[in-house]
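Each reported figure results from applying straightforward, stated rules to the coordinates on display, with no laboratory input. Keep in mind that what you see is a predicted model, and the values were worked out from it rather than measured. Cβ atoms come from the backbone with ideal geometry, glycine included; neighbour counts cover every protein chain shown.
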Amino acid sequence: MRAVLNASIRTEVGSNGVKKVRKAGRVPAVLYGHGEQNINLSVSAEELHALLRHGAKLVDLQGDVTDTALLRGLQWNTYGTDVLHVDLTRVSAEERVNVNVPLETRGTAIGTHEGGIVELVMHEIEIECPAGSIPDKIEIRVHELKVGDSLKAGEIPLPEGVQLVVDPEIIVVHCVGRTLDEEEGAAEAGAEGAEPEVIGRKGKAEEEEEEE
């Protein structure tokens with residue numbers, strides 16, 4: 001089931017117009033593509049942010065317009081907390097599109113038992129697939145990675161109908177050993193956590209022996 005986004009025709013344009021839209025808790029948007037006329041819209045900021053948190057890429061527009069569109073060209077504020085503007089590109093569910101999807105690791109690498117750390121070199125990857133079949137994420141199984149091992153983009157299993165757009169030789173995840181600084185930091189942390197030995201204070205038994 002695709003995400004639904006309610007949209008309203010927007011008559012407010014220009015800097016003052018979009019400020020008014022944002023003040024009302026909405027985000028200015030433009031719907032374009034497929035050789036049809038561009039339409040100025042506004043969507044609920046709360047609704048849009050909720051869809052983005054769930055990784056939505058394709059939406060069914062409802063309200064003043066009914067169309068299927070890709071969320072494109074998101075413009076964020078300086079702090080990356082609020083969307084200031086969004087482009088909506090018309091697509092059909094069967095149309096092949098290029099999109100970036102998140103990468104996530106799954107499993108525990110052998111190398112972590114050797115003191116290694118698994119690091120994602122790329123946090124998202126560009127793929128091509130039907131608009132109606134965009135995966136929420138691409139999972140990378142790292143069980144077999146030892147310290148010094150890596151996986152390239154071309155080695156990641158992709159869902160049916162999905163093709164890689166980036167260079168297949170690009171490294172996307174690796175298992176690296178700890179640096180000398182990290183090892184020294186861990187040793188120092190352990191030393192700081194140890195209880196110091198108390199010197200110079202006699203135990204109760206020693207005091208009793210001296211009194212005798």
* To do: Considering every residue within segment 58-81, establish whether at least one is of a type in the set (S, T, N, Q), under 22 Å from Pro130 (Cβ atoms) and crowded, with 18+ Cβ neighbours inside 10 Å.
  => yes
* Asked: Which of the residues that make up segment 91-128 are aliphatic (A, V, I, L, M), assigned to a strand (DSSP E or B), under 30 Å from Leu61 (Cβ atoms) and more than 13 Å from the chain's Cα centre (by Cα)?
  -> Val97, Val99, Ile127
* **Conditions (1) loosely packed, with under 15 Cβ neighbours inside 10 Å; (2) under 16 Å from Arg90 (Cβ atoms); (3) among the hydrophobic types (A, V, I, L, M, F, W, C): number failed by Ala29** => (1)
* Members of segment 35-53 found to be surrounded by 11 or more Cβ atoms within 10 Å (Cβ to Cβ) and in contact (Cβ under 8 Å) with a residue 40 or more places away in the chain, listed by number -> Leu41, Val43, Glu47, Leu48, Leu51
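Can you confirm whether Arg90 is touching a His at 6+ places or on another chain (Cβ under 6 Å) and of a type outside the set (Phe, Trp, Tyr)?
On the way: touching a His at 6+ places or on another chain (Cβ under 6 Å): yes; of a type outside the set (Phe, Trp, Tyr): yes.
The answer is yes for Arg90.
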* **Hits in segment 94-119 - residues which are in contact with a Gly (Cβ under 7 Å, 6 or more places away or on another chain) and surrounded by fewer than 12 Cβ atoms within 10 Å (Cβ to Cβ)** => Glu94
